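**Student:** The following block contains the structure, expressed as structure tokens.
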Amino acid sequence: MEREVILLTGPPLNGRDEYITQALTGVDDKEYNYYHVFDYIKEVGKERGVKITRKNVLDFAISHQDIMNEIRDEAFERIRREIDKSNKRFHLVSTPSLFRWGSGSVIGFTLSNLKLLKPDRVIIVLDDVLSVRRRIINDPEWFERFGMDPDNIKLTTLVMWREDAINHVKTLVHELKKEGINVRYILQFGIRHPPEVFLDLIFREKEKPLVYLSYPMTGHEEEYYYRVRDFYNKLSQHFTVLDPGALDDWWVVAEYDNQVNRNPEIKKIRIKHLLDGDVVEELDREDIEQATDILRRQLVERDFNLVNVSKAIAVYHYAEGVSAGVISEMAEAYRTFAAIYLYYPFKRRPSPFMEFYGMQNPSRRTMFKDEDEMIRAMVEEKEYWTKA
């Protein structure tokens, strides 16, 4: 039977397994198997007389690299054998990508591991850096590694963890393709997506093709974001909708800019957590400055990644001012031959570039002034642009 292997990976402490486990709760497991690679590593280690735990795995992997490589390779071989014997359609394999710690690094998988696994898709599961920092503080084992001191947990470290993990995946997938093993796509997936969207992505991609939601993201009143969220929910009834706001590091940078503008001599930046609005983090100004350049680049690369894997983008431009980000995303979609649907409800003409890119949908309309009409057009024309 046709099997699909999906590698779920990413940097450490980004909530990958917790998010996936929660999303899969209540889903009929007759259609899928879920393989947590670390469980297999512990099993193989135990058989070889090596006790591997969450607490000692980093030190063991760095100090006994050859033994750890053998154990990891055997874990992947066992997973591959289980996949081959299975009569289920979807096989979800979860493991970290690459993790540098101290003077060494821990590799979640090698090229030979991926050649054996032959993943059809790779999904890099990501969380925003402040939530990762918070997760470390709330995890006694990890907090101990940082000396039980929040000041030791630098944003620069966390963004480099992400950088290393993503680059490791890209490099190996590139090598896989040279070996003739085709991975349909690598997708950077933020865990602020509703679990239902993750399930659509995994199990219902053919029925609900990937659509990227593009919208101006900063400097708007609260009512604007409610409108965006309502549109997202309506669009998600028909498509698997990828939201750039599901991984939001930009508010850290924006808050830094606001406080430095008010007080150029400030040393500590106080930031309320985006999700609960109550917990206040105090971060070193210098640390944010060092992390900002990497965060800005990662934001652009991630959004372009989401555009590139999508069959269409839905532009919800409920703002008269031109958004450089939205225009860039429309241009990227045009470059990759994705359908572009533009909602722009104002009498004032938009930018000629926005108007030009907004014509790149099968109905050849310049723009839609009614969001429900645009969704109907996307549904009616789905067969056209999903085959393009």
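**Student:** Straight-line reach only, C-alpha to C-alpha below 16 angstrom: list the lysines that LYS347 could link to, leaving out same-chain residues fewer than 8 apart.
**Tutor:** Straight-distance partners of LYS347: LYS369.
**Student:** Also, quick follow-up: Enumerate the calculated ³J(HN,Hα) couplings along the stretch 25-36 in order (Karplus 6.51 cos²θ - 1.76 cosθ + 1.60, θ = phi - 60°), each rounded to whole Hz, writing x wherever the residue is Gly or Pro.
**Tutor:** 4, x, 7, 5, 7, 5, 9, 9, 10, 10, 10, 8
**Student:** For a test of the definition: using alpha carbon positions, the gyration tensor, and the 1.5 limit on a/c, classify the stretch 199-262 as rounded, prolate or oblate.
**Tutor:** Values: a/c = 4.28, a/b = 2.22, b/c = 1.93.
Verdict is prolate for the stretch 199-262.
**Student:** Before rounding to the nearest 500, sum -39500 (n - 2.57) across all DSSP H runs of length at least 4 in the chain and divide by the residue total; then give [θ] at 222 nm in deg cm²/dmol.
**Tutor:** -15500 deg cm²/dmol
**Student:** Another question about this same structure. Going by amide H atoms built from the backbone, whose H comes under 5 Å of the H on VAL315, apart from near neighbours?
**Tutor:** Result for VAL315 returns SER214, TYR341, LEU342, TYR343.
**Student:** For LYS272, go through the lysines and keep the ones whose alpha-carbon is under 28 Å away, minus same-chain ones fewer than eight residues off.
**Tutor:** Of all the lysines, those that pass the test against LYS272 - Cα under 28 Å, at least 8 places apart if same chain - are LYS154.
**Student:** Using only Cα positions of the stretch 4-192, each an equal point scatterer, no hydration layer, compute I(q)/I(0) via Debye at q = 0.13 Å⁻¹ and quote the log10 values to two decimals.
**Tutor:** Computed log10 I(q)/I(0) values: -0.71.
**Student:** Expected output is a single nm value to one decimal: the length gained when fully extending between HIS174 and LYS347, i.e. 0.36 nm times separation in residues minus the C-alpha distance. What is it?
**Tutor:** Working it through step by step, the gained length comes to 57.6 nm.
**Student:** Dividing the Cα radius of gyration by the Kirkwood radius, what Rg/Rh value follows for the chain?
**Tutor:** That ratio is 0.98, to two decimals.
**Student:** Stretched out fully, how many nm does the piece from ASP151 to GLU31 gain, at 0.36 nm a residue minus the Cα gap? Show your work: numbers first, answer last.
**Tutor:** Numbers: separation 120, 0.36 × 120 = 43.20 nm, distance 4.50 nm.
So the chain would gain 38.7 nm between ASP151 and GLU31.
**Student:** Under a 5 Å amide H to amide H cut-off, with H placed in plane at 1.01 Å, what residues pair with LEU187 once short-range neighbours are removed?
**Tutor:** VAL122, ILE123, ILE124
**Student:** Packing-wise, with mean Cβ within 10 Å as the measure, how do 76-87, 300-311 rank, highest first?
**Tutor:** Ranked from most to least packed, the peptides come out as 300-311, 76-87.
**Student:** Looking at the stretch 320-388, which chymotrypsin sites (Phe, Trp or Tyr not before Pro) are DSSP coil and have at most 11 other C-beta atoms within 10 Å of their C-beta?
**Tutor:** Counting only loop positions with at most 11 other Cβ atoms within 10 Å, the chymotrypsin sites (Phe, Trp or Tyr not before Pro) in the stretch 320-388 are PHE337.
**Student:** Ordered by packing density, taken as the mean number of other Cβ atoms within 10 Å over each peptide's residues, highest first, how do 47-56, 186-195 rank?
**Tutor:** 186-195, 47-56
**Student:** By how many nm would the segment from ARG335 to GLU373 grow when fully extended, if each residue of separation counts as 0.36 nm and the alpha-carbon distance is taken off?
**Tutor:** Answer, rounded to one decimal: 11.1 nm.
**Student:** Rounded if a/c is under 1.5, else prolate if a/b beats b/c, else oblate: with a ≥ b ≥ c from the C-alpha gyration tensor eigenvalues square-rooted, which is the stretch 151-205?
**Tutor:** oblate
**Student:** What fraction of the DSSP beta bridges in the chain is antiparallel, stated in percent and rounded to the nearest 5?
**Tutor:** Of all bridge pairs located within the chain, approximately 20 percent are antiparallel.
**Student:** For a test of the definition: using alpha carbon positions, the gyration tensor, and the 1.5 limit on a/c, classify the stretch 47-121 as rounded, prolate or oblate.
**Tutor:** prolate
**Student:** Same structure again: For LYS268, which aspartates and glutamates qualify as cross-link partners when the Cα separation must be under 17 Å and same-chain residues fewer than eight apart are set aside?
**Tutor:** Here the aspartates and glutamates satisfying the reach criterion relative to LYS268 are ASP149, ASP151, GLU255, ASP257, GLU281, GLU282, ASP284, GLU286, ASP287, GLU289.
Since every read-out is calculated from the coordinates, none of them should be taken as a lab result. Predicted, not measured: the structure shown is a model, and the values here were computed from it. Glycine gets a Cβ as well: all are built from the backbone with ideal geometry, and neighbour counts include every protein chain shown.
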